[in-house]
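Asker: This is the structure, below, for whatever I ask next.
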Amino acid sequence: QFGRTEVIDNTLNPDFVRKFIMDYFFEERENLRFDFYDVDSKSPNLSKHDFLGQMFCTLGEIVGSQGSRLEKPIVGIPGKKCGTVIVTAEELGCCRDSVLMQFCANKLDKKDFFGKSDPFLVFHRSNEDGSFTICHKTEVVKNTLNPVWQAFKISVRALCNGDYDRTIKIEVYDWDRDGSHDFIGEFTTSYRELSRGQSQFNVYEVINPKKKGKKKKYVNSGTVTLLSFLIETEVSFLDYIKGGTQINFTVAIDFTASNGNPSQPTSLHYMNPYQLNAYGMALRAVGEIIQDYDSDKMFPALGFGARLPPDGRVSHEFALNGNPQNPYCHGIDGVMEAYYRSLKSVQLYGPTNFAPVINHVARYAASVKDGSQYFVLLIITDGVISDMAQTKESIVNASKFPMSIIIVGVGPAEFDAMEELDGDVVRISSRGRFAERDIVQFVPFRDYIDRSGNHVLSMARLAKDVLAEIPEQFLSYMRVRGIKPSPAPPPYTPPIHVLQTQI
């Protein structure tokens, strides 16, 4: 049990106020259950109250619904309509702003015997207990008492933990090569003061308390002026999802002969009536999470490396449902069905070519440049790529489009080439051109086979690892293209029931 709402008396249409704060992970399936009770007494024991029904969903389903608002029927009492529940989610503001600031100083104290000072600034945020934590240092400007520092960007969280009135202490030092920097002076301010921007309020006297104590005529050790203050709100993956960006999921399955004859238990494509094979498990694990972010739940499913009926031509991008004009399957169940049907009709062949299916999805991704859609291609394969040069070329081209590629390697083969495509260590390149961003994530399926036989847990881990990079890859595309999230649709307001009167 995660929490309970407040009780609202005597109503069949309650609007609950209490909010629940949960951690959200795109890459995990977070199952939720809402139970509804009619409270009859003060007892905290639920069995003492009338059960009104329940609703099951995932956190991704709520977040992925239009405007992050999910409406679902309440179920659980046979033969009875139990009403509906509306759940909305919003990301905690948690101060995602960053600030771009620039400072200059005038007439700082001269600290060096031979030349002028080499000044730099050190920023500290104050903590609840009165102590200070360093949060930023500017660069050193050499040999001047009137430095202009470069503008720098800092998150508001780092600067003041989102508390606009908390003290920010700024110290001015003269840099020394041996690290014994000389203290010139300090001053304090707050985010609220700085946010007034360049004005007379943001010219600060730099005070050295020791000097002030000793010299009666001491005025200050110079002044520091804020030149500019620009607030930037960091947008998140969820801002785009809320604004209506859809994630399109395409599956490509390896039908090459190296997988083994599907009728044999040793085959990676073996159709065991009691248990999913590795292809089915990987497909379900990843697909069930992504499907929450696709409103129509229609997924193109492709195969490669097989001979197709009736003439036995080899294809590296055929529709699993047998309809090249419309390769869409309904939901992950529809994809699974089409996969099993294909296994019965096509002949496993070869070679293992990735480029055709990557180019297939890239063609669609290339036509959507406004940030309204993002494409994720899941390739499940057993082996060594035959068209490595073409695949690299395809990935370098695709890195310009709104798409990501997930490769799950099944079976015992060596997957060195896949690690190269993954590009986490060395950015992938083709004919001297580098990929614009990292769009490939590879995982070997064998790392997730649970020795204890608990496939549910191991498949959750698989999904988590292959999907973990998607939000960042998604954001890197949107940032480079300067695409901002669309505004979320207006919040839901229940219709007002107008009483009709007969005149």
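Asker: With the requirement that a residue be touching a strand residue (DSSP E or B) at 6+ places or on another chain (Cβ under 6 Å), more than 13 Å from Ile395 (Cβ to Cβ) and hydrophobic (A, V, I, L, M, F, W, C), what does the stretch 349-382 give you?
Answerer: Phe375, Val376, Leu378, Ile380
Asker: Just one of the numbered conditions (1) open to solvent by less than 50 Å² (accessible area, probe 1.4 Å); (2) of a type outside the set (Phe, Trp, Tyr); (3) in a strand (DSSP E or B) is not true of Gly179; which one?
Answerer: (3)
Asker: Next question, about the same structure. Suppose we keep only residues that are assigned to a loop (DSSP other than H, G, I, E, B) and touching a strand residue (DSSP E or B) at 6+ places or on another chain (Cβ under 8 Å) within the stretch 26-40. Which one would you say is surrounded by the most Cβ atoms within 10 Å (Cβ to Cβ)? I'd like the intermediate steps shown before the answer.
Answerer: Restricting attention to the stretch 26-40, the residues satisfying the condition of being assigned to a loop (DSSP other than H, G, I, E, B) are 26-30, 39-40.
Filter once more, keeping what is touching a strand residue (DSSP E or B) at 6+ places or on another chain (Cβ under 8 Å): 29-30, 40.
Working: Arg29: 18, Glu30: 16, Asp40: 9.
My answer is Arg29.
Asker: Tell me, please, whether a residue that is within 19 Å of Ala278 (Cα to Cα), in contact (Cβ under 8 Å) with a residue 12 or more places away in the chain, open to solvent by less than 10 Å² (accessible area, probe 1.4 Å) and assigned by the TED database to the domain that holds Arg284 can be found in the stretch 387-403.
Answerer: No.
Asker: Sticking with this structure for a sec: In the list Val235, Val172, Val219, which residue meets the criterion of being assigned to a strand (DSSP E or B) and either open to solvent by less than 50 Å² (accessible area, probe 1.4 Å) or aliphatic (A, V, I, L, M) (or both)?
Answerer: After applying the criteria, what remains is Val172.
Asker: When you look at Lys72, is it free of Cβ contacts under 8 Å to residues at least 60 places away in the same chain and open to solvent by 100 Å² or more (accessible area, probe 1.4 Å), yes or no?
Answerer: Against the criterion (free of Cβ contacts under 8 Å to residues at least 60 places away in the same chain and open to solvent by 100 Å² or more (accessible area, probe 1.4 Å)), Lys72 does not qualify.
Asker: Could you tell me whether Val156 is of a type outside the set (D, E, K, R) and closer than 28 Å to Tyr218 by Cβ?
Answerer: No: the conditions fail for Val156.
Asker: For the stretch 221-241, enumerate the residues that are over 24 Å from Gln150 (Cβ atoms) and modelled with pLDDT of 90 or more.
Answerer: Within the stretch 221-241, Phe237, Leu238, Asp239, Tyr240, Ile241 meet the criteria.
Asker: To continue, here is another question. Can you confirm whether Phe401 is among the aromatic types (Phe, Trp, Tyr) and under 16 Å from His360 (Cβ atoms)?
Answerer: Answer is yes for this residue.
For (1) over 28 Å from Gly244 (Cα atoms); (2) touching a strand residue (DSSP E or B) at 6+ places or on another chain (Cβ under 7 Å), each residue gets a yes or a no:
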position: Asp9; (1), (2): yes, no
position: Lys19; (1), (2): no, no
position: Tyr24; (1), (2): no, no
position: Lys42; (1), (2): yes, no
position: Leu59; (1), (2): no, yes
position: Gly67; (1), (2): no, no
position: Val87; (1), (2): no, yes
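Asker: Can you run down the residue pairs with Cβ atoms below 8 Å, 6 or more apart or on separate chains, where the first is in the stretch 185-198 and surrounded by 14 or more Cβ atoms within 10 Å (Cβ to Cβ) and the partner is assigned to a helix (DSSP H, G or I) and of a type in the set (Val, Ile, Thr)?
Answerer: Tyr191/Val156
Asker: Return yes when Leu46 is over 30 Å from Ser458 (Cα atoms), touching a residue at least 60 places away in the same chain (Cβ under 8 Å) and either in the same structural domain as Gly76 (by the TED database) or surrounded by 10 or more Cβ atoms within 10 Å (Cβ to Cβ) (or both) and no when it is not.
Answerer: In short, no.
Asker: Search the stretch 324-347 for residues that are outside the structural domain of Leu283 (by the TED database) and pair each with any residue that is among the acidic types (Asp, Glu) and loosely packed, with under 14 Cβ neighbours inside 10 Å when their beta-carbon atoms are under 8 Å apart and the residues are at least 6 apart or on different chains.
Answerer: Matching pairs, first to second residue: none at all.
The values are calculated or read from the model by the stated rules, or taken from the named source; none is laboratory data. Note that the structure is a prediction, hence the values are computed from the model and not measured. Quick reminder, even Gly has a Cβ in these numbers, built from the backbone with ideal geometry, and neighbours come from all protein chains shown. Side chains are part of the model used for accessible areas, which takes the heavy atoms of the whole protein and leaves out ligands, DNA and RNA. Shrake-Rupley method; radii C 1.70, N 1.55, O 1.52, S 1.80 Å.
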